[in-house]
């Protein structure tokens, strides 16, 4: 029994493209003498299809796609994820299913039991959970227990679900566990995911063949990292991270072997390297899948735009990126030289367009109303917004897509200008705290100084008024980021955070800033997600509210 | 047995404020000799609390609030909605509960069985459904079947859930059905909701006491309209729409009466009047609950900004609204006179700030790059964005909040400028198709011409280039809006829509526009929801996708 794992980068709703990729993988697997090839969860339509699932037309196209894939399954079987229609007269209209295809037709359908409905997941919005039909599928004398992603995840000490489908399947004496997944990346996910699969293999003393999505789907980044776990819990093999892959395994090579020594954990990847690779993939897939040729961004000389530029150049190629310096009367000389140096280091073309004339004319137009009122955040915001006007004009005229350069610390406390520096098609760093942006900059510079050292060394400043520093308005980022992490990622309340030794006044001030700036985050671009709790679809907060605010 | 229904406008997370309102209502009900007073679902924390429910601190405050309300329950009982902790070792950590309070303490807790998880609802994200504990609560010799909102909604022909909690409760011989709800308004909701409650009363031959939320919660508008249904299905009484209310009923007044003739349906309210009242409440509550004193908006002379201005003046008072005319070289004379006339009709102060100087300076700054490239959508967008720069500067300097004036037809097909006319704190008309905006304008002008007739009569134009008309880029709104309705509200596919007689090329073009403009809608302000399918939290679509696009 030779089993192929096909780790593919799908495009949501692109049935023709997805089916073509699946068929090519079937052909490759057959060529490598595989008996069966396994694809990911909801492979034919891509993941997450979201409310497209509410369209009958979309579901019909899923069925047509499955039938087309089935025709390709001659002398090879395939497990492919797709929605299926719930025939019962009550309950939600769909199941999240694994189709077992062989001999040119659908042999069996297994439905997902455990539907994740937390963080970025909304599966209970669309799907009825499987409640009774637990089947193993026999093929060429092997019995396959086919599970779908979350179905294996209910083994924690405080389980989220009252059912455990693998317990039911185990009673049917399977030989192999197959798990088809759509498990997005975050920097803490890899060991958690491995632990779940290893525990499953050991508990049931069965091999686990796990196939994940790979690629960026707007904000969601799928790392792939499909794998095979031996019955003793050894990680037998791991597919590539952040790229497509297809590998074939001979089940007998390890099925009947039992190691006596404890299994060696595979080496942990470094967090910041994973983040780097995930973001590069995320930018690349956003542009490629949207059909956008080239990116533009404003280069301030600061750390955020510098890191964004490097990642964009790596993702798209230097010649596909345009950097624009947009100085005003408050821009310092070192900011301009740093920005130019960076663009030259990266081979990225750069232009300089002063906002001074536009700023002056807007001030002038408003003079009859503002009279001699003092310069304040209004004039700071005007500058940031005029930069957006210029960048978006270049975007519209030449077909660039604007990259947003905000970081998570700024987004959290509202230290940014709505319709100004908060603009963009996609936010590259919006899930990295400022201290993590520095970490990423140092990682980027590990072998060669791409980002000028002075950009990293100087105190951060928005340069929107004379001598401005971030530290005028915000606490030290080292403290700010820790408090934000406790509140956002760890969901701790004020008393718990204060209990960890932080100044009560500061904690209350920061939590209030986070909550009262929900209205700004509502209008930000989608943010490439790398943490366990990113702003965006995985964190849903009321705007109008009065809690810690 | 005297039962009071307390229909209250809560503020999410404002425990002190909500508890104070609840206690005041208890005192009023007791003064009116009520034996029991019923409040809405999740009353103590407001609805929807969204991810605040994931904070232990938030849940703790809910418990403190319930205990505080219980103390007030002397010589009167209360049914109050709040989350409660699921004590089981598996399943989600919370229940969505009804607390029965009497004699200063918690007498019983009933948990919600059916958790809506569609459209704007995410309840399965937070709550474990009740699976076994069905209890009636006996108080002063009456047996109360306490249900929570969706618990009564599984009576349709093709039910969404496999369970029916009211069937279980009916076996326990209750005397009264109580339903505590959080059922947001849309223009088709009233008859559906009444049908559900009437069918319930008739099926079980029991009176139904139904209490809903009232008030705006960012985009969600709760209409109140709490009601009492007699066992024969008669609507015995209905509380106010769109405002707080408290009424007391003597159960014996109608409990044992049986009418012989069929019940008279209460008069249907006119759709456009409901929409009008809902939007006025939505604006008012957004400003009041956010603590914003006054609104600003750009007045173009067109229909959208005219209707928005009237609604804002009704919601906030004319003196709290500032209108700004922002003409460019393309603004027509009649637009300016219409805009001025409207502001004067409404008693709203207005200023005129030309964007011409700023537009010229931006064109000038970009000249070295744009050279002699032709005027196109870029220059149109620059104008729209400079208007936003000016409006946001006034907002920042003087504390106005910008009202967005986009309509649903524009948002659907992307006929608007991101960071330009798509800006704002809240979108007033974003859930009304252009044809509905006209309908609303005519309703507003029913008794007096508030909106100048020429604004309604002239062909719509963005006035961003010479002689521009919407009809240059878009099909007639009467056709466009029908196709959009079929796709967005009815979720029909292209073949179904074409099957209704529309031109195939046009249908495909429009559906493609809707899907490829998802990225713009992602960054729009929250939209006051009045339809069964509004853009925003109730319609979740991938941005990067290739479906009908």
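Anything in the stretch A:491-511 that is surrounded by fewer than 16 Cβ atoms within 10 Å (Cβ to Cβ) and either within 11 Å of another protein chain (Cβ to nearest Cβ) or under 22 Å from residue A:532 (Cα atoms) (or both)? List them, or say none. Selection gives A:495, A:500.
Considering only residues in the stretch B:166-200 that are within 14 Å of chain A (Cβ to nearest Cβ) and buried (at least 21 other Cβ atoms within 10 Å of the Cβ), the one that is farthest from residue B:2 (Cα to Cα) turns out to be B:184. On the given criteria, is residue A:477 under 15 Å from residue A:409 (Cβ atoms) and at the interface with chain B (Cβ under 10 Å from one of its Cβ atoms)? Considered against the rule, which asks whether it is under 15 Å from residue A:409 (Cβ atoms) and at the interface with chain B (Cβ under 10 Å from one of its Cβ atoms), residue A:477 comes out as no. Tell me, yes or no, whether the stretch A:116-132 has at least one residue that is farther than 28 Å from residue B:538 by Cα, buried (at least 18 other Cβ atoms within 10 Å of the Cβ) and either more than 10 Å from every other protein chain (Cβ to nearest Cβ) or without any contact (Cβ under 8 Å) to a residue 60 or more places away in the chain (or both). So far as the stretch A:116-132 goes, no, none of its residues is farther than 28 Å from residue B:538 by Cα, buried (at least 18 other Cβ atoms within 10 Å of the Cβ) and either more than 10 Å from every other protein chain (Cβ to nearest Cβ) or without any contact (Cβ under 8 Å) to a residue 60 or more places away in the chain (or both). Regarding residue B:11, is this residue in contact (Cβ under 8 Å) with a residue 12 or more places away in the chain, in a loop (DSSP other than H, G, I, E, B), within 14 Å of chain A (Cβ to nearest Cβ) and surrounded by fewer than 24 Cβ atoms within 10 Å (Cβ to Cβ)? For residue B:11, the condition - in contact (Cβ under 8 Å) with a residue 12 or more places away in the chain, in a loop (DSSP other than H, G, I, E, B), within 14 Å of chain A (Cβ to nearest Cβ) and surrounded by fewer than 24 Cβ atoms within 10 Å (Cβ to Cβ) - is met. Hey, among the residues in the stretch B:392-401 that are within 10 Å of another protein chain (Cβ to nearest Cβ) and either in contact (Cβ under 8 Å) with a residue 12 or more places away in the chain or out of contact with any helix residue (DSSP H, G or I) (no Cβ under 7 Å at 6 or more places or on another chain) (or both), which one's nearest to residue A:385 (Cα to Cα)? The qualifying residue nearest to residue A:385 (Cα to Cα) is B:392.
Within the stretch B:14-51, the set of residues being in contact with a helix residue (DSSP H, G or I) (Cβ under 6 Å, 6 or more places away or on another chain) and either within 14 Å of chain A (Cβ to nearest Cβ) or surrounded by fewer than 22 Cβ atoms within 10 Å (Cβ to Cβ) (or both) comprises B:15, B:19, B:23, B:44, B:45.
Considering every residue within the stretch B:60-81, establish whether at least one is modelled with pLDDT of 95 or more, surrounded by fewer than 24 Cβ atoms within 10 Å (Cβ to Cβ) and at the interface with chain A (Cβ under 10 Å from one of its Cβ atoms). Yes: the stretch B:60-81 contains one or more residues that are modelled with pLDDT of 95 or more, surrounded by fewer than 24 Cβ atoms within 10 Å (Cβ to Cβ) and at the interface with chain A (Cβ under 10 Å from one of its Cβ atoms).
Applying the criterion of at least 3 residues that are over 24 Å from the mean Cα position of the chain (by Cα) and free of Cβ contacts under 8 Å to residues at least 60 places away in the same chain to the helices (runs of 4 or more DSSP H) found wholly in the stretch A:473-545 leaves A:494-499, A:504-516. Got at least one residue in the stretch A:358-380 being more than 19 Å from residue B:384 (Cα to Cα), touching a helix residue (DSSP H, G or I) at 6+ places or on another chain (Cβ under 7 Å), more than 9 Å from chain B (Cβ to nearest Cβ) and part of a helix (DSSP H, G or I)? There is no residue in the stretch A:358-380 that is more than 19 Å from residue B:384 (Cα to Cα), touching a helix residue (DSSP H, G or I) at 6+ places or on another chain (Cβ under 7 Å), more than 9 Å from chain B (Cβ to nearest Cβ) and part of a helix (DSSP H, G or I). Taking the condition surrounded by fewer than 24 Cβ atoms within 10 Å (Cβ to Cβ), within 14 Å of chain A (Cβ to nearest Cβ) and touching a residue at least 40 places away in the same chain (Cβ under 8 Å), does residue B:415 pass? Judged against the criteria, residue B:415 is not a match. Restricting attention to the stretch B:317-332, the residues that are surrounded by fewer than 23 Cβ atoms within 10 Å (Cβ to Cβ), in contact with a helix residue (DSSP H, G or I) (Cβ under 6 Å, 6 or more places away or on another chain) and within 19 Å of residue B:294 (Cβ to Cβ) add up to 2. Across the stretch B:55-88, the number of residues qualifying as in contact with a strand residue (DSSP E or B) (Cβ under 9 Å, 6 or more places away or on another chain) and under 20 Å from residue A:548 (Cβ atoms) comes to 8. Would you check which residues across the stretch B:279-305 are in contact with a helix residue (DSSP H, G or I) (Cβ under 6 Å, 6 or more places away or on another chain), free of Cβ contacts under 8 Å to residues at least 60 places away in the same chain and not in a helix (DSSP H, G or I) and list them? Passing the criteria: only B:299. When we screen A:335, A:361 for residues that are surrounded by 15 or more Cβ atoms within 10 Å (Cβ to Cβ) and at pLDDT below 95, the only hit is A:335. Is it fair to say residue B:457 is in the same structural domain as residue B:340 (by TED's automatic domain parsing) and either buried (at least 23 other Cβ atoms within 10 Å of the Cβ) or more than 30 Å from residue B:292 (Cβ to Cβ) (or both)? Yes, satisfied.
With respect to the conditions (1) more than 7 Å from chain A (Cβ to nearest Cβ); (2) crowded, with 16+ Cβ neighbours inside 10 Å; (3) over 33 Å from the mean Cα position of the chain (by Cα); (4) farther than 14 Å from residue A:357 by Cβ, residue B:353 falls short on a single one, namely (1).
Residue B:153 meets all of the listed conditions (1) within 14 Å of another protein chain (Cβ to nearest Cβ); (2) touching a residue at least 60 places away in the same chain (Cβ under 8 Å) but one, namely (2).
The values are calculated or read from the model by the stated rules, or taken from the named source; none is laboratory data. In this text the structure is predicted, and so the values were computed from the model without any measurement. Here the Cβ is made from the backbone with ideal geometry for all residues, glycine too, and neighbour counts use every protein chain on show.
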